[in-house]
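Reviewing the structure listed below.
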Amino acid sequence: MSRFSSFSRPFGPPRPQPLAEVLTRTDAFAALRAGVEQIAALERDLKQLLPDYLATSVEPGFIKDGVLSLFAAHNALAARLRHLEPSLLADLQQRGWAVNALKVRVRPLPAKEPPPIKQARMTPAGADALRELSDTLAPSPLQAALAKMAARHQKPRGEKK
């Protein structure tokens, strides 16, 4: 006879739990949760206070000794933030943030993947039409460009599909 009922599974797979619930279990997690909530609230306030072009490219850091770190995507945005610093500080203080100064730093956004290289191919009929058109034109840069394009897309003789 087992000491576990047939309805309970002590060693079954763990059930998913909300992150908010997990972060309240210990003091270390509670401090982490408080920091995450503070940054989220600060981010919401910054999105409301900053112009759209700045709000999407600026990320808040932590507040330490009354100094708020802001991370801008590039130097031009950082310079613009420095110009807005007095009014931004006043607005943040009015919303209850214990901020006396801003520290603006540049943290570039991750590089985007380059677009894929074009692999356009022309049909043999299209290449023939371009070649015929270039043959009817007088010598000119357009005629040369069409002939070059037709030659690039023309299949070599003897090559099959």
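Here are some notes:
- Boolean, E43 is of a type in the set (D, E) and surrounded by 13 or more Cβ atoms within 10 Å (Cβ to Cβ): yes
Residues checked against (1) free of Cβ contacts under 8 Å to residues at least 60 places away in the same chain; (2) in contact with a Leu (Cβ under 8 Å, 6 or more places away or on another chain); (3) not assigned by TED's automatic domain parsing to the domain that holds P51:
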| site | (1), (2), (3) |
| --- | --- |
| L68 | yes, yes, no |
| L81 | yes, yes, no |
| L89 | yes, yes, no |
| N100 | yes, yes, no |
| I117 | yes, no, yes |
| L142 | yes, no, yes |
| M149 | yes, yes, yes |
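- Some residue of region 80-89 being among the small types (G, A, S) and within 25 Å of K112 (Cα to Cα): no
- Residue match in region 69-92 (condition: within 32 Å of the chain's Cα centre (by Cα), of a type in the set (S, T, N, Q) and part of a loop (DSSP other than H, G, I, E, B)): no
- Candidate set: region 147-161, residues that are surrounded by 10 or more Cβ atoms within 10 Å (Cβ to Cβ) and of a type in the set (K, R); chosen: the one modelled with the highest pLDDT: K148
- Filter pass, D128 being farther than 30 Å from L49 by Cβ, of a type in the set (D, E), in contact with a helix residue (DSSP H, G or I) (Cβ under 8 Å, 6 or more places away or on another chain) and part of a helix (DSSP H, G or I): yes
- Failed criterion for Y53 (all others in (1) over 30 Å from E21 (Cβ atoms); (2) among the aromatic types (F, W, Y); (3) modelled with pLDDT of 90 or more hold): (3)
- A single member of L49, L89, L109 is more than 30 Å from A147 (Cα to Cα) and in contact with a strand residue (DSSP E or B) (Cβ under 8 Å, 6 or more places away or on another chain), and it is L89.
The values are calculated or read from the model by the stated rules, or taken from the named source; none is laboratory data. Predicted model only: the values in this text are computed from it and were never measured. Counting neighbours? That spans all protein chains shown, and the Cβs are built from the backbone with ideal geometry, glycine included.
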